[in-house]
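Only one structure is covered here, and it is reproduced in the block below.
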Amino acid sequence: MGVYLLTKPDLLKVCVQLALKIERTGNEVTVFTDPSEFYAALKLQKKGEVDYVMIDVRTFQLDIYNPYTDMATMPYPVPVVIFNDPYPEPDYRAAYWIAKNKRYLVPLISESAIESFHPEFFLIESYLNSDELNRYVSVINRPDIFLTPEERSRIIDLEAFRLRHRITPSRFKVFRHLYENLGKEISSEELVTLLFGSYSPEKRKVVFSYIYDLRKACRNETSVQIRIDREYKGRYAMKILPLHDEPPQ
């Protein structure tokens, strides 16, 4: 069985890597960068030669061409995967591809036949979402997060902070959790569970001692002002401020 994949030349190397991953499931993938060659091959395919096709959304104009309705006119219609369609959420691409094919290609392709592709489409979704490939896939690559100057001032090099203040791994686990939930109230129960895998009241003293030690490390930090405030009994929140901001009295 085979898969035809159409992309633009600038994405060829990425699509070759994607094709190699897809071929692990037993399908042979043919990559095209020329639309005329792709559609000619599709029209000339023998029945059962192609399982489904994958198309780069940049290879057609959305306002004048619908690849699903075009597929319906082919001698042997097969499901279509617009692999970098920007509309679906990253974790719902496979479900979206299944839904689109059902809408346009049933009854030319049975509903059950389309649904049978879900496991393979889910794998393709996972490949496209992976750190290995996603950054290189045009249209759906995750953009860098924009940070305001204030937000940038709150960024800490966690590993450098740990080494600079000689924080033990268990204490650093608490510090990292507070940092990753900056400004959010975290209960001592949650921190006990984080450290020990389950909660027991007697272990809260360990958390209290860790918080005490981490506060000392924060006071000694010279790049930013880090506070671990007790919002009320047994609940803590980390806050990071520029050095010129004074802590509350």
Within the range 1-25, residues of a type in the set (D, E, K, R) and either over 26 Å from Pro77 (Cβ atoms) or in a helix (DSSP H, G or I) (or both) come out as Asp10, Lys13, Lys21, Glu23, Arg24
For a quick check of your reading of the model, give me the residue pairs whose first member lies in the range 193-221 and is closer than 21 Å to Ile156 by Cα, whose second is of a type in the set (Val, Ile, Thr) and buried (at least 16 other Cβ atoms within 10 Å of the Cβ), with beta-carbon atoms closer than 7 Å and at least 6 apart or on different chains. Tyr210/Val174; Ile211/Ile228; Leu214/Val174; Leu214/Ile228; Arg215/Ile228; Ala217/Ile167; Cys218/Ile226; Cys218/Ile228
Consider the range 36-45. How many of its residues are in contact with a Phe, Trp or Tyr (Cβ under 8 Å, 6 or more places away or on another chain) and over 7 Å from Leu6 (Cα atoms)? 3
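Each row is one residue, and each column tells you yes or no for (1) open to solvent by less than 60 Å² (accessible area, probe 1.4 Å); (2) within 22 Å of the chain's Cα centre (by Cα); (3) touching a residue at least 12 places away in the same chain (Cβ under 8 Å).
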| site | (1), (2), (3) |
| --- | --- |
| Thr25 | no, no, yes |
| Leu44 | no, no, no |
| Gly48 | yes, no, yes |
| Leu62 | no, no, no |
| Tyr68 | yes, no, yes |
Inside the range 163-189, can you point out the residues that are open to solvent by 20 Å² or more (accessible area, probe 1.4 Å), within 21 Å of Asn220 (Cβ to Cβ) and assigned to a loop (DSSP other than H, G, I, E, B)? His165, Arg166, Thr168, Leu182
State which residue is farthest from Leu241 (Cα to Cα) when the search covers only the range 111-127 and only residues that are among the small types (Gly, Ala, Ser) and either surrounded by 12 or more Cβ atoms within 10 Å (Cβ to Cβ) or touching a helix residue (DSSP H, G or I) at 6+ places or on another chain (Cβ under 6 Å) (or both). Ala113
Condition broken by Phe117, with the remaining ones in (1) over 30 Å from Cys15 (Cβ atoms); (2) in contact (Cβ under 8 Å) with a residue 60 or more places away in the chain satisfied: (1)
Which ones in the range 199-208 are open to solvent by 60 Å² or more (accessible area, probe 1.4 Å) and of a type outside the set (Asp, Glu)? Tyr199, Pro201, Lys203, Lys205, Phe208
Among the listed residues Val29, Val53, which satisfies the condition of being open to solvent by less than 50 Å² (accessible area, probe 1.4 Å), assigned to a strand (DSSP E or B) and either at pLDDT below 95 or within 22 Å of Pro86 (Cα to Cα) (or both)? Val53
Which of the residues spanning the range 128-156 are within 15 Å of Leu18 (Cα to Cα) and either assigned to a loop (DSSP other than H, G, I, E, B) or open to solvent by 80 Å² or more (accessible area, probe 1.4 Å) (or both)? Ser130, Asp131, Glu132, Leu133, Arg135, Tyr136, Val137, Ser138, Ile140, Asn141
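The values are calculated or read from the model by the stated rules, or taken from the named source; none is laboratory data. Here the structure is a predicted model, which means the values were calculated and not measured. Virtual Cβ from ideal backbone geometry, glycine too; neighbours counted across all protein chains shown. Each accessible area value is taken on the protein alone, full model and side chains, heavy atoms only, with ligands, DNA and RNA left out. Shrake-Rupley method; radii C 1.70, N 1.55, O 1.52, S 1.80 Å.
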